[in-house]
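The structure appears right after this line, and notes come after that.
The values are calculated or read from the model by the stated rules, or taken from the named source; none is laboratory data. Predicted model only: the values in this text are computed from it and were never measured. Positions of Cβ are backbone-derived with ideal geometry, glycine not excepted, and every protein chain shown enters the neighbour counts. The accessibility values were calculated without ligands, DNA or RNA, using every heavy atom of the protein model including side chains. Shrake-Rupley method; radii C 1.70, N 1.55, O 1.52, S 1.80 Å.
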Amino acid sequence: MEVSGFSAEYGKMAGGVLNMVLKSGTNRFHGALFEYNRNGQLDAKAYFDPKKLPFNQNQLGGMISGPIRKDRTFFMFSHETYLLAWDETNQGNVPTALQRTGDYSQTFNNAGKAIVIKDPLASNAAFPDGRVPASRMNPTGIALMKYYPLPNRTGLGNNYLALATNHNHWDSFITKVDHRFGSNDSIAFRYGKRFGRNNAPWAGSNLGVFQNQVRDDRTLGGVDYTHMFSPTVLMELRFGVSRNASRERHDTDGQDTAAALSIQGSTKAEDLRGFPLINVTNYLSLGFAANQPVQYFVTDFQLGQKLTWVKAAHVVKVGVDVSRYTFNQPYNNNSRGTMTANGVWTGAGTAANGNSVADLQLGLLNASSITLQTNRNYMREAGYRFFLNDDWKPKRHLTLNLGVRYELETAPYDKNDRMANFVPELNKIVIASDRTLSNLPQILKDAGMEGRVALASDVGLPRALVKTYKKAIAPRVGFAWRAQNKMVVRGGYGIFYSGQLLNDVRNGLDNTFPFVQAFNFARLSTDTTALTLTTPWNPARGTATGTATSTGFKINPPMGYLQSYNLTMERDLGHGTALEVGFVGSKGTHLGRQYNVNMPFRTLENFLATGTTFPVPYPPLGTINYWDFGSNSIYNAGQITLRKRGRGGVSKRQRRLLRRLPA
């Protein structure tokens with residue numbers, strides 16, 4: 001592992017580099033088997049759990065390697081299985097037996113004071129005896145009570161303890177075949193895959209019954225070809241591919257629970273439909289997580305060539321790498337819809353004075369939201385890198401590492417051009433193309449966005465909506481100097497570019513208006529029929545998201561980079577003792593951050609002129625979450641390490657870290 005000062009051969013990210021070597025077969029057969037088990041026999045009971053909960057972990061596998069053809073072809077195969085299961089608890093509130101019948105005469109707040117529920121249809125007069133009459137209960141609200149278990153704990157608050165079992169299982173194999181054509185040519189093939197299966201029992205609610213099932217498959221493969229032109233000139237050609245395919249879905253088997261509960265307006269798509277998320281303030285939620293199902297498929301293709309030339313005191317390496325990334329993910333967030341009951345109706349306009357379950361039984365909501373038009377993201381990006389590195393030993397006691405690296409990461413784009421970016425210079429939302437929006441003029445008219453959306457081709461922007469940075473030159477220099485027979489001094493400096501995070505771009509620019517059409521709904525305090533359990537997404541109460549707010553990304557973003565530097569002195573003190581004193585540091589430049597670029601001008605003059613309706617830089621929009629790249633970071637630290645090697649292979653290490661971060 002290399003965390004700083006590594007050569008120009010490595011890059012793309014500003015973090016550390018982990019090099020792994022995959023074992024090859026030989027002319028003799030070798031094998032190994034292993035198993036690891038951990039269970040809860042010696043575990044203690046958790047404080048809030050009624051008893052010690054089960055825990056069992058098994059990790060087992062084996063490896064075999066050997067010849068296919070003596071002195072020519074060899075193989076290696078390895079398999080590993082991981083099985084983990086453990087029980088877990090969560091606490092929360094569920095309706096009591098009395099509350100299920102509409103009786104709130106024994107309902108108290110956290111201060112122990114009785115809650116008096118009000119009747120919104122009787123000028124907010126108190127319900128007689130604190131009871132909601134059966135004739136007033138909404139059929140959907142009554143049906144929802146059946147999904148709640150009865151309390152199993154006593155006392156104020158957290159009257160229910162939920163228990164669920166977590167599973168995390170995966171199987172993994174990897175194989176490698178090496179073949180030697182002759183003394184100068186060889187080739188190696190490698191392929192591995194991991195099949196992951198696990199669940200998330202608390203994803204939708206801490207009731208532990210609205211869980212997700214996750215299938216996570218990961219694939220890694222490649223081929224390496226090596227040719228030796230001469231004893232001092234070596235060429236390596238590599239191709240590799242890695243893929244992560246994750247499929248997470250709510251455990252509903254496509255049942256249209258919303259329709260069964262007479263909830264109108266939820267999705268009818270077989271792969272999306274199910275139990276909407278119902279948030280009940282101060283009680284455990286009902287329904288599956290709003291973001292389900294989640295699927296994403298990330299594939300990375302890499303092709304690289306490296307030439308190594310040994311000439312006298314120089315070891316020169318020159319190479320090129322080409323990468324191609326694909327990121328496919330459907331955006332289904334909130335397609336079943338979300339709704340909230342918070343007690344505002346039975347609290348006469350103040351949620352804390354009412355009860356959210358009583359609101360639910362009356363069929364009255366405070367707010368809701370839903371995504372009516374989802375999106376499919378097909379992100380694409382390419383990377384091109386060149387490096388030149390020289391390990392030079394000008395003197396017997398001095399070694400220099402000199403190198404330079406150039407990186408070109410193209411701006412990510414969507415292959416169907418479903419991207420939108422707020423551009424402050426234009427005070428408009430710019431979209432990559434309207435070729436997948438046949439009715440764009442009508443969409444803009446309905447949303448009141450006429451004149452506020454432009455096409456990328458009309459304003460001189462590429463389909464990625466941001467421009468590619470082309471000045472990423474990264475010099476590297478390092479040295480190792482044996483100052484005395486028992487003292488070595490090492491140091492280095494380098495620039496490391498951070499690359500781009502595709503998921504930030506995807507969420508910010510792909511999944512927004514007009515390609516995603518999502519709506520928020522709010523209650524109308526004077527109309528109990530405006531937002532109900534049976535019609536939670538009333539078009540008359542809806543406001544399209546992305547029309548009052550927006551998301552932006554700087555159109556000429558510089559690539560963030562890290563300057564890393566270090567200087568270390570190591571001294572042999574004798575008797576197996578060594579002292580190491582070092583200084584390490586880094587400075588980050590052009591680091592990305594997201595903030596609201598449309599903050600109001602809150603000045604005394606504006607307050608006197610317009611009151612609290614302060615003007616904003618980019619009217620008529622409100623919040624604009626904007627990605628800019630003007631942030632910096634600084635880290636400096638001193639390190640002192642004392643190592644003592646004892647007898648019988650026993651060693652001791654003492655370390656002191658002195659660091660300073662900017663205020």
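Details
- Accessible surface, 1.4 Å probe, highest first, among residues Asp217, Asp171: Asp171, Asp217
- Scoring 135-143, 339-347 by mean Cβ neighbours within 10 Å over their residues and listing the highest first yields 339-347, 135-143.
- Simple point charges give the picture: +1 on the Cβ of Lys and Arg, -1 on the Cβ of Asp and Glu, and for the chain a dipole about the Cα centre of about 2860 debye.
- Semi-axes of the equivalent ellipsoid for the stretch 301-356, Cα gyration tensor, largest first, Å: 68, 17, 5
- The stretch 455-540: C-alpha gyration tensor shape, a/c 1.5 cut-off, then a/b vs b/c: oblate
- Restricting the calculation to Cα atoms, every distinct pair contributes to the Kirkwood radius of the stretch 78-118, found to be 14.4 Å.
- Qualifying trypsin sites (Lys or Arg not before Pro) for the stretch 263-307 [loop in DSSP, other Cβ within 10 Å: at most 11]: Lys268
- Legend: residues Val581, Val423, sorted from most to least accessible area (1.4 Å probe; ligands, DNA and RNA excluded), read Val581, Val423.
- Solvent exposure of the chain as accessible area per residue, Å², 1.4 Å probe: 52
- Projecting the Cα atoms of Phe229, Asn168, Ser246 onto the charge dipole of the stretch 146-272 (Cβ charges, centred on the Cα centre) puts Asn168 farthest toward the positive pole.
- Exposed GluC sites (Glu not before Pro) absent: longest stretch of the chain, with sites in DSSP loops and at most 11 other Cβ within 10 Å deemed exposed: 1-269
- Selection among Thr350, Met145, Phe607 by position relative to the dipole of the chain gives Phe607 as farthest towards the positive end (Cβ unit charges, Cα centre).
- Based on Cα contacts under 8 Å between residues 6+ apart, the stretch 171-261 shows a relative contact order of 24 percent.
- Compactness of the stretch 205-262 is given as radius of gyration and Dmax, 24.5, 78 Å, from Cα positions.
- Partners for Lys587 among lysines (Cα-Cα distance below 26 Å; same-chain residues under 8 apart left out): Lys12, Lys467, Lys470, Lys471, Lys554
- Of (i) 26.2; (ii) 30.5; (iii) 29.7, the label for Kirkwood radius over Cα pairs in Å derived from the coordinates: (ii)
- Using C-alpha pairs below 8 Å separated by at least 6 residues, the relative contact order for the chain is 10 percent.
- Size descriptor, Kirkwood hydrodynamic radius, that averages inverse alpha-carbon separations across the stretch 156-268, Å: 19.0
- Sparse-neighbour loop sites [trypsin sites (Lys or Arg not before Pro); the stretch 546-654; at most 10 other C-beta within 10 Å; DSSP]: Arg602
- Annotation for the stretch 9-62: trypsin sites (Lys or Arg not before Pro) lying in DSSP loop with at most 14 further Cβ atoms inside 10 Å of their Cβ are Lys23, Arg28, Lys45, Lys51, Lys52.
- Projected area, mean over directions - the stretch 44-154, Cα convex hull, nm²: 14.8
- Computed over all pairs of different Cα atoms, the Kirkwood value for the hydrodynamic radius of the stretch 131-182 is 17.7 Å.
- Check: the stretch 356-401 dipole with +1 on Lys, Arg Cβ and -1 on Asp, Glu Cβ, in debye: 500
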